[in-house]
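Taking it in order: structure first as structure tokens, then the write-up.
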Amino acid sequence: MNRLDNKLLDLNTTMLEMSRLVERAIEDLLSAIKEEESISLDHFNSVYEELDSLDKEVQNTCLRMLLEFQPVAGDFRKISSALKMVTDINRIGNQCINIARIISEMDPVVEKDLYLEIFNIATYSKDVVKSAIYSFIKNSYEDAEEVTKKDDAVDVEFANIKNRMIERIKNGDLDAPMIVDIIIIAKYFERIADHGSNIAKWVKYSTGGTIENSSN
């Protein structure tokens, strides 16, 4: 294994560490809601700071590899794709903080309703992110292609949540602020999945595909 291969292996390890951080952040959000625990914004800020530090580490590593080894073909695609991917992973961490802020201000009595409404979309979103990162680690176009299908499931669930909220408004089950919070949180999870889908698009590029338009 040459020096460039070793650097690429280190890059994979760091990307995987970033993925695990955002997966745990999503799990922590769900756990806090399910168990009716208080949300620690300091915890999520700490996770984001760690993500941001790893983001800078990946960027520096990639730029050094580009300058030192002047890679071509597949190696160049993989390094340039990683530079794009870390931005999406970082934004996922930011979305988790946004969700935590909303939950931290909610009435614990109604959090059970929140958990029941967002459990599926949160789980699907986490799966999209995890699958996208692993497609990068495996350097698999086919696995990245599957991520798109999983992202579609998130879009469907977001539409379902909005429809359920309309029905609950009609039935007077929840007050308006709670319904708005649920929709906003669901939208944040949809964005998390969009960033996962962006990662998968860059995996497809890194394995020989063309550059696709990314979601915001």
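Every read-out reported here was derived from the displayed coordinates using simple, explicitly stated rules and does not represent laboratory data. This is a predicted model, so every value here is computed, not measured. Positions of Cβ are backbone-derived with ideal geometry, glycine not excepted, and every protein chain shown enters the neighbour counts.
Going through the range 68-148, which GluC sites (Glu not before Pro) have at most 10 other Cβ atoms within 10 Å and a DSSP loop state? Write down the numbers at each step before the final one.
Numbers: sites: E68, E105, E111, E117, E142, E145, E146; in loops: E105.
Of the GluC sites (Glu not before Pro), the ones in loops of the range 68-148 whose Cβ has at most 10 other Cβ atoms within 10 Å are E105.
Tally Lys/Arg at +1 and Asp/Glu at -1 over every other residue whose Cβ is under 14 Å from the Cβ of D151; what's the total?
Charge balance near D151 sits at -4.
Show me, for the range 197-207, the HN-Hα J-couplings you get by feeding each phi into the Karplus relation (A = 6.51, B = -1.76, C = 1.60, θ = phi - 60°), rounded to Hz, glycine and proline as x.
5, 4, 4, 4, 4, 6, 5, 4, 5, 5, 9
Test of understanding: ordering L174, L63, L30 by Cβ neighbours within 10 Å, fewest first, what list do you get?
Ranked by crowding around the Cβ, least crowded first: L63, L30, L174.
Can you give the calculated 222 nm mean residue ellipticity of the chain, where each DSSP H run of n ≥ 4 adds -39,500 (n - 2.57) and the sum is split over every residue, rounded to the nearest 500 deg cm²/dmol? It would help to have the intermediate numbers written out before the result.
Working: 6 runs with 183 residues, N = 216.
Calculated from helices alone, the mean residue ellipticity at 222 nm is -30500 deg cm²/dmol.
Enter the angle in degrees (range 0 to 90, nearest 10) between the Cα long axis of helix 111-138 and the first principal axis of the Cα atoms of the chain, meaning the one along which they spread out most.
The angle comes out at about 10 degrees.
Quick one: 3J(HN,Hα) in Hz for the range 63-79, Karplus 6.51/-1.76/1.60 with θ = phi - 60°, rounded, Gly and Pro as x.
Result, rounded to whole Hz: 5, 5, 5, 5, 6, 7, 9, 6, x, 10, 6, x, 5, 5, 4, 5, 5.
Relative contact order for the chain using alpha-carbon pairs under 8 Å, separation at least 6, rounded to a whole percent? Don't jump to the answer; show the numbers that get you there.
Working: 261 pairs, mean separation 59.9, N = 216.
Computed value for the chain: 28 percent relative contact order.
Can you work out the Karplus-derived ³J(HN,Hα) for every residue in the range 139-154? Use 6.51 cos²θ - 1.76 cosθ + 1.60 with θ = phi - 60°, whole Hz, and x for glycine or proline.
Values per residue, Gly and Pro as x: 6, 10, 4, 4, 5, 5, 4, 5, 4, 4, 5, 5, 5, 4, 5, 5 Hz.
Which residues among the range 151-165 fall inside the zone where the amide N is under 14 Å from a point 7 Å beyond the Cα of L116, along Cα→Cβ?
From the range 151-165, the list is 164-165.
How much length would be gained if the chain were fully extended between D5 and N163, taking 0.36 nm per residue of separation minus their Cα-Cα distance, in nm to one decimal?
51.9 nm
For I183 paired with L16, estimate the spin-label separation in nm (one decimal), with each label point 7 Å from Cα along the Cα-to-Cβ line.
So the two model labels end up 4.2 nm from each other.
Set the bar at 26 Å for Cα to Cα. Now go through K56/K149; K7/K84; K7/K187; K150/K204 and name every pair that lies beyond it. Mind dumping the intermediate values first?
On the way: K56/K149 31 Å; K7/K84 18 Å; K7/K187 37 Å; K150/K204 16 Å.
Checking Cα-Cα distances, K56/K149; K7/K187 exceed 26 Å.
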